[in-house]
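The values are calculated or read from the model by the stated rules, or taken from the named source; none is laboratory data. As the structure is a computational prediction, the values presented were derived from the model and not from experiment. Please note: Cβ atoms are built from the backbone with ideal geometry, for glycine as well, and neighbour counts cover all protein chains shown.
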Amino acid sequence: MKKNSFSHCPLILLECITNRKPKKKMNNHTKEYIKISELLYRKQSGLLSEKEQVELDEWEKKSEENKKIVSRLSSAIKLEEKQLQYDSIDPKNAWQNIESQISAQKPKERKLLLNFMKYAAAIVLPLAIGGLLVYQAMNTADNYSDAIVEQIVPGTNKATLVLADGSTINLEEQKDTLIAGKALNQNNKLRYDASGQLAQAEARWHKLVVPVGGEYKLELADGTTVWINSDSELRYTDQFVGKERIVHLKGNAIFKVEKDSEHPFIVKTDDMDVRVYGTEFSVMAYPDEAKVQTTLLEGSVGVALKNKAGVVQTSMIKPNMQVQYYKGDVKGEIREVEAYKYFGWRDGKFQFDNEELGSIMRKLERWYGVKFFASNQDVLKIRFSGEMKRFDDFSTILNLLEYGTDIEFDVHGTVVTARSAYK
């Protein structure tokens, strides 16, 4: 995919700064204005969190000037209403006119105007880029054929249940159905009967397999809720018997564990065991990832890291902490994180925090069913931060990545190649 030019950015920038009197020094609130412009764009894009909404509201209430700034920037972001107007403007001629006006100024005035343009760009350019993303999202037909767009679609709620006898059930085809006399498949959730839990009885192992391009919600027999991400599987019993509640995970899942102080809930993966009594946490343990992670949203959990030789480290973590372990290492890393970013996919969001493109590409592969290739290893190490809607068109996702990095994408069917835009 060829990278589109930023031809509309100068037009937006000029519109936003019209009637502003130039100042010799950059405003001390530049960073603050950039932050507010980003929040306004996120609000219009439907990505604003409750915390960010409160921050935006409080800033706007501080002064009448702030209210005017919010009004002005909000108007500038609404590119959909101005698309036809911008389409009728020739950016090249517009810049020539601007340059001729600057050239006509006296040397001192010219320097002042150019400095002002530079400082104004520092304030407004993030807004202009944000607006351009909306514009590009509305014009994806220029970059992708209809056939390609039809092939690459977001994931859906789908999974296969494997029973104890090895028989399989496609949950998409068995909606509103009681399965094996124990589990009700309804509203894209498989819910097990909670009666008779932890009694001395025979339990049967089931496995929920979520394919590439899928996700599914599961309620276990003890009331624990599990959100299972694409290309993942969870093994569990149809009822919990004995002193422990044990499940086995491959892939990525979010657990909201029903509290039971006498019967610990244990998530087992190839490289770590996570022990809890009642809390909400995320585990990422894909076989094709070099690392595994446990991220805690609330409560506390114990994490035992292990390799082929046995357990190498045990740790207790608190909310907004994460255990990260590179497979085969002698120990893992405990670090503070913004935990909510690792739970965003459950709410329909991709949330990336200074994440390498290689990791982002693998997540997109699992959700959109595509195959990524990179022109070289350096491309995979480029980092990106931001939020995207998980159910957006694939073309919109690529546009956002392009304008947030120095990367271009070529799409052929479901094969996507990433390369540096400057090589």
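Key figures for this structure:
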| read-out | value |
| --- | --- |
| Lone unmet requirement of (1) surrounded by 14 or more Cβ atoms within 10 Å (Cβ to Cβ); (2) in contact (Cβ under 8 Å) with a residue 40 or more places away in the chain; (3) farther than 26 Å from Lys250 by Cα for Asp378 | (1) |
| In region 41-93, residue modelled with the highest pLDDT [restricted to those that are of a type in the set (Lys, Arg) and farther than 26 Å from Asp392 by Cβ] | Lys61 |
| Residue match in region 281-292 (condition: touching a Phe, Trp or Tyr at 6+ places or on another chain (Cβ under 7 Å) and in contact (Cβ under 8 Å) with a residue 60 or more places away in the chain) | yes |
| Residue that is nearest to Ser230 (Cα to Cα), among those in region 381-411 that are touching a residue at least 60 places away in the same chain (Cβ under 8 Å) and part of a helix (DSSP H, G or I) | Phe394 |
| Region 346-358, subset touching a helix residue (DSSP H, G or I) at 6+ places or on another chain (Cβ under 8 Å) and part of a helix (DSSP H, G or I), residue nearest to Ser420 (Cα to Cα) | Leu357 |
| Flag for Val226 being in contact with a Phe, Trp or Tyr (Cβ under 6 Å, 6 or more places away or on another chain) and either on the phi > 0 side of the Ramachandran plot or outside any loop (DSSP other than H, G, I, E, B) (or both) | yes |
| Of the criteria (1) farther than 29 Å from Lys35 by Cβ; (2) outside the structural domain of Met284 (by TED's automatic domain parsing), which one Lys381 fails | (1) |
| Whichever residue in region 359-373 is basic (Lys, Arg) and part of a helix (DSSP H, G or I) and, among such residues, is surrounded by the most Cβ atoms within 10 Å (Cβ to Cβ) | Arg366 |
| Residue match in region 287-302 (condition: modelled with pLDDT of 95 or more and touching a Gly at 6+ places or on another chain (Cβ under 7 Å)) | no |
| Criterion (surrounded by 15 or more Cβ atoms within 10 Å (Cβ to Cβ), on the phi > 0 side of the Ramachandran plot and modelled with pLDDT under 95) met by exactly one of Gly413, Gly386 | Gly386 |
| Hits in region 207-223 (condition: under 19 Å from Leu163 (Cα atoms), assigned to a loop (DSSP other than H, G, I, E, B) and of a type outside the set (A, V, I, L, M)) | Pro211, Asp222 |
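Residues checked against (1) buried (at least 19 other Cβ atoms within 10 Å of the Cβ); (2) in contact (Cβ under 8 Å) with a residue 24 or more places away in the chain:
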| position | (1), (2) |
| --- | --- |
| Trp205 | no, yes |
| Trp227 | yes, yes |
| Asp231 | yes, yes |
| Leu234 | yes, yes |
| Gln239 | yes, yes |
| His248 | no, no |
| Lys256 | no, yes |
| Glu262 | no, no |
| Val274 | yes, yes |
